[in-house]
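First up is the structure itself, then whatever we jot down about it.
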Amino acid sequence: MTGLSAGQLDRLRHVLDVVREGNPFQQAKLDQAELTSDFGSIEDFLDSFPFTTKDELARDRLKHPPYGTNLSFPLERYTRFHQTSGTKGEPMAWLDLPEDWDWMLGNWNSVLDSAGVEAGSRCHFAFSFGPFLGFWTAFEAASRRGCLCVPGGGMSSEQRLRSILEHKAEYLFCTPTYALHLAEVALEQSIEIASSRIRKIIVAGEPGGSMGELRRRISEAWGGVELFDHYGMTEVGPVAYEMPGGQGGLRVISESYLAEVVCPTSGETLGEGQQGELVLTTLGRAGCPVLRYRTGDLVLPHWGEEDNGFPALDLIGGILGRVDDMTLVRGVNLYPTSVDAVVRHFKEISEYQVLIDETAAMTEVILRAEATAELANSLEKALTEAFSLRIPVVPVDPGSLPRFEMKAKRWVRRHGK
């Protein structure tokens, strides 16, 4: 692993000093690592401190409901409640101190700076504003910056589109899937979005924001606007923003996160250009921190020169997929992002669904697409060429498949008993 700095070491020591005083969850892990307060380097930390997993955090919350023991201060100090999206397993509650919340807003400032969002900009947030952290940090960071922030909670897609036009929004915040869905609704309702004031669509919440074909489709649907990808998780906060140049890919905020890339199966540290699982340690969220947290996200790292004393880490192609989303079909590894990249070449297909049948001895996959029979046949051939695997494509009626405001859940599994 490359890209460690003295600046990160100082911040890591501070977080460990805080949790050593009053965080039972992290105290147990520190005892296991036999890591003393005077450890000499980040390498010492990485060599001795165990990984943290989502399952481990979930078990702790089940044993000590509702917040678990990963709290460094008395409960009265915490002022923010959020929870994970529950994409994998039950949602987990997460609490934050005022100072930790400010730290996360500072990270969002890095995202907004890179996206070119300035004071006085008009921003529309096309989210339901539930307990998921990302909506609130984005909204408050833009508000503190001096932007006019329009919340889209409690609105239908048509109402959001009309709000975007009425308030002359310049920046749209949503998932990549929902940006496409809004364009679809605009076409159905004869709402002219190509002439809107939107300058940039800032996306996150699911892999795909850095995928070239998906970016092109969204841009075309919105009249040629730019797309800007970013990445974060409730467990860690805002982590990365789009690499300079506007071609996708993500740059980790290294002054706030210690990042590793490891082999998903062995946990072995991987180096330059080796695809693996992203592992993160928060360097400023001491009230409810995660240390060496296995995100489950697949990335391809590129380590660059230090920037202001911190290492530059770029994730080529952004988030490439999820470790636990891989499906093995007749010896072929299928990832949702890889299938999505093929489907997105067919712009006439507005939505699709992948059905995975694991009830028999051999896993089978069928793709349902809102397409004509002829188009479904063309997609089936393209999938066969891409994966050397026949994936049947079944045409279904337009508008018959689910639409998603948050993370798209297109892969549906049927498990055996």
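The values are calculated or read from the model by the stated rules, or taken from the named source; none is laboratory data. Everything quoted here is computed from the prediction, not taken from an experiment. Glycine gets a Cβ as well: all are built from the backbone with ideal geometry, and neighbour counts include every protein chain shown.
Touching a Phe, Trp or Tyr at 6+ places or on another chain (Cβ under 8 Å) and among the aliphatic types (A, V, I, L, M): is that true of residue 119 in this structure?
Values: touching a Phe, Trp or Tyr at 6+ places or on another chain (Cβ under 8 Å): no; among the aliphatic types (A, V, I, L, M): yes.
Taking the combined requirement at face value, the residue does not satisfy it.
Can you pull out every residue in the range 289-314 that is more than 16 Å from residue 107 (Cα to Cα), part of a loop (DSSP other than H, G, I, E, B) and in contact with a helix residue (DSSP H, G or I) (Cβ under 7 Å, 6 or more places away or on another chain)?
Across the range 289-314, the qualifying residues are 291, 309.
If I go through the range 101-135 residue by residue, how many of them are of a type outside the set (A, V, I, L, M) and at pLDDT 95 or above?
Of all residues in the range 101-135, those of a type outside the set (A, V, I, L, M) come to 101-103, 106-110, 113-114, 116, 118, 120-125, 127-132, 134-135.
From what is left, the residues that are at pLDDT 95 or above are 101-103, 106-110, 113-114, 116, 118, 120-125.
Qualifying residue count for the region: 18.
Can you give me the number of residues within the range 197-208 that are in a loop (DSSP other than H, G, I, E, B) and modelled with pLDDT of 95 or more?
Residues of the range 197-208 that are in a loop (DSSP other than H, G, I, E, B), as a first pass: 197-199, 204-208.
Subset that is modelled with pLDDT of 95 or more: 197-199.
Here the count works out to 3.
Per-residue answers, yes or no, for (1) out of contact with any helix residue (DSSP H, G or I) (no Cβ under 9 Å at 6 or more places or on another chain); (2) over 17 Å from residue 238 (Cβ atoms):
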site: 97; (1), (2): no, no
site: 102; (1), (2): yes, no
site: 117; (1), (2): no, no
site: 121; (1), (2): no, yes
site: 126; (1), (2): no, yes
site: 135; (1), (2): yes, no
site: 140; (1), (2): no, no
site: 144; (1), (2): no, no
site: 150; (1), (2): no, yes
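Name the residue, out of 403, 414, that is within 30 Å of residue 130 (Cβ to Cβ), modelled with pLDDT under 90, not in a loop (DSSP other than H, G, I, E, B) and not β-branched (Val, Ile, Thr).
Values: 403 fails: not in a loop (DSSP other than H, G, I, E, B).
Every option except 414 fails the conditions.
Residue-by-condition table, conditions (1) more than 21 Å from the chain's Cα centre (by Cα); (2) over 26 Å from residue 249 (Cα atoms):
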{"position": "306", "(1), (2)": "yes, no"}
{"position": "318", "(1), (2)": "no, no"}
{"position": "331", "(1), (2)": "yes, yes"}
{"position": "349", "(1), (2)": "yes, no"}
{"position": "367", "(1), (2)": "yes, yes"}
{"position": "376", "(1), (2)": "yes, yes"}
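Does the range 374-384 include one or more residues that are basic (Lys, Arg) and either in contact with a His (Cβ under 7 Å, 6 or more places away or on another chain) or outside any loop (DSSP other than H, G, I, E, B) (or both)? Please lay out each step first, then the result.
Applying the first criterion (basic (Lys, Arg)) to the range 374-384 yields 381.
After this cut, where a residue has to be either in contact with a His (Cβ under 7 Å, 6 or more places away or on another chain) or outside any loop (DSSP other than H, G, I, E, B) (or both) as well, the list is 381.
Checked the range 374-384: at least one residue is basic (Lys, Arg) and either in contact with a His (Cβ under 7 Å, 6 or more places away or on another chain) or outside any loop (DSSP other than H, G, I, E, B) (or both).
Counting only residues that are touching a helix residue (DSSP H, G or I) at 6+ places or on another chain (Cβ under 7 Å) and either more than 14 Å from residue 107 (Cα to Cα) or not in a strand (DSSP E or B) (or both), how many does the range 231-253 have? Before you say what the answer is, go through the steps one by one.
Let us first name the residues in the range 231-253 that are touching a helix residue (DSSP H, G or I) at 6+ places or on another chain (Cβ under 7 Å), namely 232, 234, 237-238, 241-242, 248, 253.
Remaining after also requiring either more than 14 Å from residue 107 (Cα to Cα) or not in a strand (DSSP E or B) (or both): 234, 248, 253.
Qualifying residue count, the range 231-253: 3.
Somewhere in the range 57-78, is a residue among the polar types (S, T, N, Q), buried (at least 19 other Cβ atoms within 10 Å of the Cβ) and assigned by TED's automatic domain parsing to the domain that holds residue 296? Spell out how you get there, then give the answer.
Residues of the range 57-78 among the polar types (S, T, N, Q): 69-70, 72.
With the extra rule that they be buried (at least 19 other Cβ atoms within 10 Å of the Cβ), the set shrinks to 70, 72.
Then drop every residue that is not assigned by TED's automatic domain parsing to the domain that holds residue 296, which leaves 70, 72.
Among the residues of the range 57-78, at least one is among the polar types (S, T, N, Q), buried (at least 19 other Cβ atoms within 10 Å of the Cβ) and assigned by TED's automatic domain parsing to the domain that holds residue 296, which makes the answer yes.
Could you tell me which of the residues 356, 391 is in contact with a strand residue (DSSP E or B) (Cβ under 7 Å, 6 or more places away or on another chain), farther than 30 Å from residue 156 by Cβ and assigned to a loop (DSSP other than H, G, I, E, B)?
Values: 356 fails: assigned to a loop (DSSP other than H, G, I, E, B).
Result: 391 is the single residue among 356, 391 that is in contact with a strand residue (DSSP E or B) (Cβ under 7 Å, 6 or more places away or on another chain), farther than 30 Å from residue 156 by Cβ and assigned to a loop (DSSP other than H, G, I, E, B).
Condition check ((1) in a helix (DSSP H, G or I); (2) polar (S, T, N, Q); (3) more than 23 Å from the chain's Cα centre (by Cα)) across all residues:
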| residue | (1), (2), (3) |
| --- | --- |
| 102 | yes, no, no |
| 108 | yes, no, no |
| 119 | no, no, yes |
| 127 | no, no, no |
| 139 | yes, no, no |
| 150 | no, no, no |
| 161 | yes, no, yes |
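Does residue 365 satisfy the condition of being surrounded by 16 or more Cβ atoms within 10 Å (Cβ to Cβ), within 17 Å of residue 325 (Cβ to Cβ) and free of Cβ contacts under 8 Å to residues at least 40 places away in the same chain? Give the derivation first.
Numbers: surrounded by 16 or more Cβ atoms within 10 Å (Cβ to Cβ): yes; within 17 Å of residue 325 (Cβ to Cβ): yes; free of Cβ contacts under 8 Å to residues at least 40 places away in the same chain: yes.
Answer is yes for this residue.
Regarding residue 33, is this residue assigned by TED's automatic domain parsing to the domain that holds residue 311 and either free of Cβ contacts under 8 Å to residues at least 24 places away in the same chain or under 25 Å from residue 128 (Cα atoms) (or both)?
On the way: assigned by TED's automatic domain parsing to the domain that holds residue 311: yes; either free of Cβ contacts under 8 Å to residues at least 24 places away in the same chain or under 25 Å from residue 128 (Cα atoms) (or both): yes.
Yes; evaluated as a whole, the condition is true for this residue.
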